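Q: First, the structure itself, so that you have it in front of you.
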């Protein structure tokens, strides 16, 4: 399936501004320092976190696997159309828009209830690949409505310029995305049995 990047005036303006700054060594050095850019050759970003949550494995799996309703509760998701749905897999056409970028792509989703939801895209024009993985495992023995959540998102831009721009908002977007699924679980199943606790967190 072919994909297309939605036009964005803001994306063009920011890209042009950054190119102009790059042509001026002193300004570019200052700009990189202010926004803590990664090395110019780095286009891959990854975030991984292990957390103890106050919902059961099946409850969180149900929320994460509900891809067709992502547009209702996932930040920046403008469209989520599901097709070719099978018991352990599906395909979805998604449109993700967050300033200054917009991307339309097909996501191949693998599901193993109630332990795994993995979504992978390798046909986007903006990304070389985009991978999101949710794994759920048993939580506290004395609290059945709890589980350990392993969440990972990794992507690689085709453009170094877009990779640099992503550094401005990457952390914020990842945190908002993760929070959105927990918030949706609260809407569906009520308050969590325990307060969430981050066990391990890594980003690169």
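Q: Is there a residue in region 127-134 that is in contact with a helix residue (DSSP H, G or I) (Cβ under 6 Å, 6 or more places away or on another chain), at pLDDT below 90, assigned to a strand (DSSP E or B) and farther than 17 Å from residue 48 by Cβ?
A: No, because not a single residue in region 127-134 is in contact with a helix residue (DSSP H, G or I) (Cβ under 6 Å, 6 or more places away or on another chain), at pLDDT below 90, assigned to a strand (DSSP E or B) and farther than 17 Å from residue 48 by Cβ.
Q: Do we have residue 105 as at pLDDT 90 or above and in a strand (DSSP E or B) here? Step through it out loud before you land on a result.
A: Details: at pLDDT 90 or above: no; in a strand (DSSP E or B): yes.
The answer is no for residue 105.
Q: On to the next question. Report yes if residue 184 is farther than 22 Å from residue 105 by Cα, outside any loop (DSSP other than H, G, I, E, B) and either at pLDDT below 95 or touching a helix residue (DSSP H, G or I) at 6+ places or on another chain (Cβ under 7 Å) (or both), otherwise no. I'd like the intermediate steps shown before the answer.
A: Values: farther than 22 Å from residue 105 by Cα: yes; outside any loop (DSSP other than H, G, I, E, B): yes; either at pLDDT below 95 or touching a helix residue (DSSP H, G or I) at 6+ places or on another chain (Cβ under 7 Å) (or both): yes.
Criteria met by residue 184.
Q: Sticking with this structure for a sec: Considering only residues of region 127-145 that are buried (at least 21 other Cβ atoms within 10 Å of the Cβ) and touching a residue at least 40 places away in the same chain (Cβ under 8 Å), which is nearest to the chain's Cα centre (by Cα)?
A: 134
Q: Can you pull out the residues in region 81-93 that are within 16 Å of residue 117 (Cα to Cα) and in contact with a helix residue (DSSP H, G or I) (Cβ under 8 Å, 6 or more places away or on another chain)?
A: Passing the criteria: 82, 90, 92.
Q: Restricting to region 61-72, count the residues that are touching a residue at least 24 places away in the same chain (Cβ under 8 Å) and surrounded by fewer than 15 Cβ atoms within 10 Å (Cβ to Cβ).
A: Matching residues across region 61-72 total 1.
Q: Name the single residue, out of those in region 151-173 being under 19 Å from residue 185 (Cβ atoms) and surrounded by 18 or more Cβ atoms within 10 Å (Cβ to Cβ), that is modelled with the lowest pLDDT.
A: Initially, region 151-173 is screened for residues under 19 Å from residue 185 (Cβ atoms), giving 151-153.
Remaining after also requiring surrounded by 18 or more Cβ atoms within 10 Å (Cβ to Cβ): 151, 153.
Details: 151: 95, 153: 89.
Taking the candidates together, the pick is 153.
The values are calculated or read from the model by the stated rules, or taken from the named source; none is laboratory data. This is a predicted model, so every value here is computed, not measured. Using ideal geometry, Cβ is built from the backbone for each residue, glycine included, and neighbour counts are taken over all protein chains shown.
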